[in-house]
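Just below is one structure, and these are the notes that go with it.
The values are calculated or read from the model by the stated rules, or taken from the named source; none is laboratory data. These figures come from a predicted structure and were not determined experimentally. All Cβ positions, glycine included, derive from the backbone under ideal geometry; neighbour counts span all protein chains shown.
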Amino acid sequence: MSFRFITGAAMPVTETADLASIPSHHLATCFGCGPENPHKLGIEPIYTRDRVTAEMAFHPRFEGGPGLAHGGAVAALFDDLLGFVSMMHQRPAVTAKLEVNYRHPIPLGVTIRSEAWLTAVEGRKLSVEGAGFAPDGTVLVEVAGLFIAVGVEHFTKAVEGVVSPYPDSMFESDEYYP
């Protein structure tokens, strides 16, 4: 298989990683994968030794063009899926950059296979790639992302004492993107 915009080279997880213990969602209310979010995309990750995969069809509520998935919904799918890669490699991280190359439109209701994998680690920077495939194997979308490892305390601190769902203190840029 050849890609136009990404390398496709995947780094395997360490031999000691217990793939069965990796959570299947980020938070219970996560937009992409949260089991308690009635408006979620519906991502259910499957972990292998070198990538995270998911199969899903976009619901009509994610329509952009007539009969097609909205580009923002496609980007959200991959932002979430690439986020699972950092979890798989035991490096909690946040998205710093996400590049999406739409090669073909994604029809609503058609199950696509999505994959994401780690390509490089440089200090706290994790380079991650992904792709979405039609049932016939056609590459529909290619994605590259940069994630910054932050540690678990970053996430627990962010929700500690939260009264409003979006307090101003949650979005300090130096906290997320040092």
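Being closer than 18 Å to Y47 by Cβ and modelled with pLDDT under 95: is that true of P178 here? In short, no.
Among the residues here, V163 does not qualify as assigned to a strand (DSSP E or B) and at pLDDT below 95. Only residues that are in contact (Cβ under 8 Å) with a residue 60 or more places away in the chain and within 22 Å of F58 (Cβ to Cβ) were counted in region 4-25, giving 2. Does at least one position in region 46-62 carry a residue that is touching a residue at least 12 places away in the same chain (Cβ under 8 Å) and closer than 21 Å to V150 by Cβ? Yes, the conditions are met somewhere in region 46-62. Among the residues of region 87-129, those that are hydroxyl-bearing (S, T, Y) and closer than 14 Å to V52 by Cα comprise S114, T119. Selection within region 12-47: residues that are among the β-branched types (V, I, T) and within 22 Å of A75 (Cα to Cα). The member of this set that is farthest from the chain's Cα centre (by Cα) is T29.
Just one of the listed residues (V52, V85) is closer than 26 Å to G109 by Cα, of a type in the set (V, I, T) and touching a Pro at 6+ places or on another chain (Cβ under 6 Å), and it is V52.
Is there a residue being in contact (Cβ under 8 Å) with a residue 60 or more places away in the chain and among the aromatic types (F, W, Y) anywhere in region 70-83? Yes - at least one qualifying residue is present in region 70-83.
Candidates G42, G32: the one that is closer than 16 Å to I112 by Cα, in a loop (DSSP other than H, G, I, E, B) and out of contact with any Cys (no Cβ under 9 Å at 6 or more places or on another chain) is G32. Of the residues that make up region 131-150, is at least one closer than 17 Å to Y47 by Cα, aromatic (F, W, Y) and at pLDDT 95 or above? Among the residues of region 131-150, not one is closer than 17 Å to Y47 by Cα, aromatic (F, W, Y) and at pLDDT 95 or above, which makes the answer no. V94 meets the conditions (1) of a type in the set (A, V, I, L, M); (2) under 15 Å from the mean Cα position of the chain (by Cα); (3) within 21 Å of T7 (Cα to Cα) in every case but one. The failed one is (3). For region 103-122, the candidate set comprises residues that are surrounded by fewer than 17 Cβ atoms within 10 Å (Cβ to Cβ) and among the charged types (D, E, K, R); within that set, the residue that is farthest from L41 (Cα to Cα) is E122.
Only one of the listed residues (H154, H104, H70) is modelled with pLDDT of 95 or more, farther than 21 Å from T7 by Cβ and not small (G, A, S). That residue is H70.
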